[in-house]
Every structure is written in C-alpha cells, then in structure tokens.
Amino acid sequence: MLTAGGRTLQGTSDGAGRIETAIPAGSTEATLLLPERGEQYELRLGHLEPAGQWRGAAQRLHNLGLYDGALLGPEEHVSGALRHFQALRGLEATGALDEPTIAALREAHGC
C-alpha cells in the first residue's frame, strides 16, 4: 500500500520487486507499507540533485545500495563508490563523473 498526496493506492510489485504507479503531482512525501513483511518506508519524492553533480551521483549510488557515506561529503568519498559502480557496469573504473557514467547512473537508478 502506498499513501501519497492524501491518496492510498494498493497493488502488488512485479517479479523484480518494482512498483509502478502514478503519484499525485506536487507530492513530496509518501509512505510505502508492506504488511506481509511488516515493513514501512517513508519516502521523499523529487529530492534528487542532477546525476551529473557529485551530490546527485552520491544520492543515486546510495539508493542503489553502493554508497553509505555522507551525501554532502567531499568528492573523494564518493569516487570509491563510483569506481565500484563503473566496474559493475563494465565501464572504465576511474571514479570520474563522466558522461558514460552519468548515463549509466540514470539508467540503473531510473532517472
């Protein structure tokens, strides 16, 4: 069950655990409840920096489970996670936030 913008939506995930639904425009928060697992998640919506900025890369890497450092931290801390991500995606593991890496981040993250 997903609650956002005063609306409650019910459904199921696909085989990969993904949920796709329309959320009311202007919603900045949502709550995802998974009663069969006894889990609840508070979600912030629309709070990503651009993928081509270090903070945006860190946010996406964090959401992908590849970075658990400070999202405001210096670039050096993010570059290690970025090298790991690049290696996983078959890119040259430089730690640089270049165009192929930005495109791969957008693809892997969904935006």
Relative to the longest principal axis of the C-alpha atoms of the chain, give the angle of the C-alpha long axis of helix 99-109, reported between 0 and 90° and rounded to the nearest 10°. 20 degrees
Based on the alpha carbons, how large is the Rg to Rh ratio for segment 54-109 when Rh follows Kirkwood? 0.90
Which value, to two decimals, describes the C-alpha radius of gyration of the chain once divided by 2.2 N^0.38 Å? 1.21
Cα long-axis angle, helix 54-63 against the chain (0 to 90 degrees, to the nearest 10): 50 degrees
Interchain or sequence-distant (5+) residues whose placed amide H lies within less than 5 Å of the amide H of residue 9 are 2, 3, 4
Cα Rg, Dmax, segment 2-44, angstrom units: 10.5, 29
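Read-outs throughout are calculated quantities, based only on the coordinates presented, and are distinct from any laboratory measurement. Values in this document were obtained by computation on a predicted structure and should not be read as measured data.
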